[in-house]
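Here's the structure, in structure tokens; my notes come after.
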Amino acid sequence: MFQINRLVKSLFTDHHILDMFRFIVFLVFFAMVAAKTFESPLTFDSWLRRYMPSVKPGSAEFHMRKALFEKAVEKVRAHNANPAHSYTITVDNKFAGMTKEESRRLLGYNKSVKQHTGVSSLKTSHNLDMKPVSELPASVDWRDSGIASPVKDQGHCGSCWAFAATAVMESHVAKESGFLFSLSPEQVAMCSPNPNKCGGTGGCNGATAEIAFDYAANSPGLVQEFAYPYYGYYGQNSACDASKQEEPVAYIGGFTQLGANNYTELMNAIATVGPIAVSVDASAWSAYEGGIFDGCDQEHPDIDHAVTLMGYGTCPKTGKDYWLIRNSWSPAWGEKGYIRLLRNTEEETRCGMDITPQDGSACDGDTTPVKACGTCGVLFDSSYPTGAGAFYADEHDRHP
């Protein structure tokens, strides 16, 4: 830049011309940087090799995926070029070339759980020492306590409910016992009975975190993932295998469900109890890359996904508050498998009606619209396990 200035001074003596030239140079430099910023991080061919290597070049599917990818690229460019957005999106994930129907298979949550929980009497009332939100810690991140396992990937199976529940149980077991296990989502997904068809028919066809907690509390215990591996990645259900459940390591005694759409209760629970299973509208999450997300339809949220609330905080750069959410779409998605949702003190007034409760995974025969509040409906339904523990810890207590 200094060499350019010396050259310009030698060519121009008029300060106005000099200033104009400097301005043009600045615009050209800025345009080059901006153009580079909004380039797609991947070509379609490299995306295909990374996420769908089985697709044959030149096939009908190849051209269909390419059209979807190119459309996604244009969406990313337009979104990320807008400085008003508090989050960025990307095509560097498996969703960029998927159809809407394929993306929905990675969901699988009952939006009518309040009407039909389908669980036993092991559901208990919460007994929190409620405090005003202003008296709670300014930020909470349960990962800092060493009770969070690595983010997992549910694949093409609608087993988000099992992954969310398993992640929450892992954390509560670790919090109470000191043992952080990687528990088996396959056991929870394929062995949880769902007689009332709440959230679907179970397994890859959807259910609820409450269904998972109820199963765990009634079972002999939960086994580790290596003992009962995840076979549902490609969307296939399998029969519950009792032979893989002979060495349980952890258990819970029941679960607690918080009040619907109650910001103060959820804040107290996440601040003091531990990670919470929550339901959300994740229909617009697929391209999320980073930042504080606020891109859901707040008027008509479509509650369709179960995830794990791991904490909350405030972005130091923007001053915006957020919910810290763990997803089950692999650590390659979002912020290493996490997403931050916009949070504010008026969450209980940011409400909408889910007018399609039968769309996808609602309970059998339930067509009643439900009210969901908070960003992406995060306040709608939340629960956590009680009486969590580890058999190893119990043995240690009996034999000091």
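Readers should treat all values here as calculations from the given coordinates under stated rules, not as data from a laboratory. None of the values given here were measured: they were computed from a predicted structure. We place every Cβ from the backbone using ideal geometry, glycine too, and count neighbours over all the protein chains shown.
Among the listed pairs LYS66/LYS94; LYS131/LYS320; LYS94/LYS336; LYS66/LYS152; LYS152/LYS175, which are separated by more than 18 Å between their Cα atoms? Listed pairs above 18 Å: LYS131/LYS320; LYS66/LYS152; LYS152/LYS175.
Cα centroids of region 46-71 and region 123-197: 35 Å apart.
Using the Cβ-Cβ distance between MET353 and ALA284 with R0 = 25 Å, the FRET efficiency computed as 1/(1 + (r/R0)^6) comes to roughly 0.90. Averaged over residues, the count of other Cβ atoms within 10 Å places the peptides 299-307, 197-205, 174-182 in the sequence 299-307, 197-205, 174-182, highest first. Neighbour counting of Cβ atoms within 10 Å sorts the residues SER382, SER286, fewest neighbours leading, into SER286, SER382. Among rounded, prolate and oblate, which fits region 215-288 when a ≥ b ≥ c are the square roots of the eigenvalues of its C-alpha gyration tensor, a/c under 1.5 means rounded, and a/b larger than b/c means prolate? Verdict is oblate for region 215-288. Distance between the 7 Å Cα→Cβ label points at ALA239 and ASN196: 2.8 nm.
Entry note, region 135-197: relative contact order of 31 percent, from Cα contacts under 8 Å with a spacing of 6+ residues.
Working from Cα pairs under 8 Å separated by at least six residues, relative contact order for region 202-322 is 22 percent. At a Förster radius of 41 Å, what calculated FRET efficiency corresponds to the Cβ-Cβ distance of ALA67 and ASN344, to the nearest 0.05? E(calc), rounded to 0.05, equals 0.60.
For the peptides 207-213, 342-348, the ranking by packing is 207-213, 342-348, with the highest mean count of neighbouring Cβ atoms within 10 Å listed first. Positive contributions from Lys and Arg (+1) and negative ones from Asp and Glu (-1), summed over other residues with Cβ under 9 Å from the Cβ of MET52, come out at +3. Convex hull volume of the C-alpha atoms in region 104-398, normalised per residue: 120 Å³. Under the convention that each Lys and Arg Cβ holds +1 and each Asp and Glu Cβ holds -1, the size of the dipole of region 104-398 around its Cα centre is about 220 debye. What does the charge count around THR318 come to, taking other residues whose C-beta lies under 13 Å from its C-beta (Lys +1, Arg +1, Asp -1, Glu -1)? Once positives and negatives cancel, what remains is +2. Which of the three applies to region 261-370, rounded, prolate or oblate, going by the alpha-carbon gyration tensor with a ≥ b ≥ c and a/c under 1.5 meaning rounded? It is prolate, given that a/c is not under 1.5 and a/b is the larger ratio. Ranked by how many other Cβ atoms sit within 10 Å of their own Cβ, fewest first, the residues ILE325, ILE292 fall in the order ILE292, ILE325.
Using a cutoff of 8 angstrom between alpha carbon atoms and counting only pairs six or more residues apart, the relative contact order for region 104-398 works out to 27 percent. Between the beta carbons of SER46 and GLU246, assuming R0 = 35 Å, the FRET efficiency works out to 0.20 to the nearest 0.05. Sorted ascending by nearby beta carbons within 10 Å, beginning with the fewest, ASP141, ASP129, ASP153 become ASP129, ASP141, ASP153.
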